[in-house]
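Accompanying notes for the structure given below.
Derivation of every value follows stated rules applied to the coordinates shown; laboratory data play no part. Just so it is clear, the structure is predicted and the values come from calculations on it, not from any experiment. Here Cβ is always computed from backbone atoms with ideal geometry, including for glycine, and neighbour counts include all displayed protein chains.
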Amino acid sequence: MRRLVIATLAAAALAGPALAANEATPPTVAPKFESVPQDAVLSYNLIGLNITDAQNNSVGEIKDLVIDHEKLTGYIVSVGGFLGMGERYVAVSPSSIALGYDADAKKWKAIIGATKDQLKSAPEFKYDGKFKR
């Protein structure tokens with residue numbers, strides 16, 4: 001019983017500052033609700049999506065999304081490597097990748113106008129600092 005009381009007091013003490021911080025910075029506007037168009041793509045359909053070139057060769061995989069000021073500004077693409085070893089990351093503009101839904105295969109497709117070698121020689125994106133995983 002004593003342990004339960006101590007655990008409850010500890011949880012309340014730890015939650016207190018978190019609640020106070022949330023109360024100190026309330027949202028400044030009411031939420032704006034959106035309808036989702038039928039041709040939209042959701043992020044879970046993109047993360048892990050294989051990217052092919054125009055000849056249908058696998059050249060990379062979408063690993064992450066770059067969102068800046070409420071707008072999608074890039075995809076982090078993994079290139080090369082095997083089983084997670086030796087892969088490197090590059091950031092590409094969303095306009096560089098054509099997305100589409102293949103209704104026959106029931107899956108999303110991503111095509112880029114670059115070869116694997118071109119992606120490998122692109123400037124590398126590193127997960128460090130505030131972008132550390």
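Label-to-label distance for SER93 and SER121 is 2.0 nm, based on points extended 7 Å past Cα in the beta-carbon direction. Label-to-label distance, ILE67 versus PHE82, with points set 7 angstrom from Cα along the beta-carbon direction: 3.7 nm. Listed peptides 116-129, 30-43, 93-106 appear in the order 116-129, 93-106, 30-43 once ranked by packing, highest mean of other Cβ atoms within 10 Å at the front.
Multiplying the residue separation of ASN57 and GLU34 by 0.36 nm and subtracting their alpha-carbon distance yields 4.6 nm.
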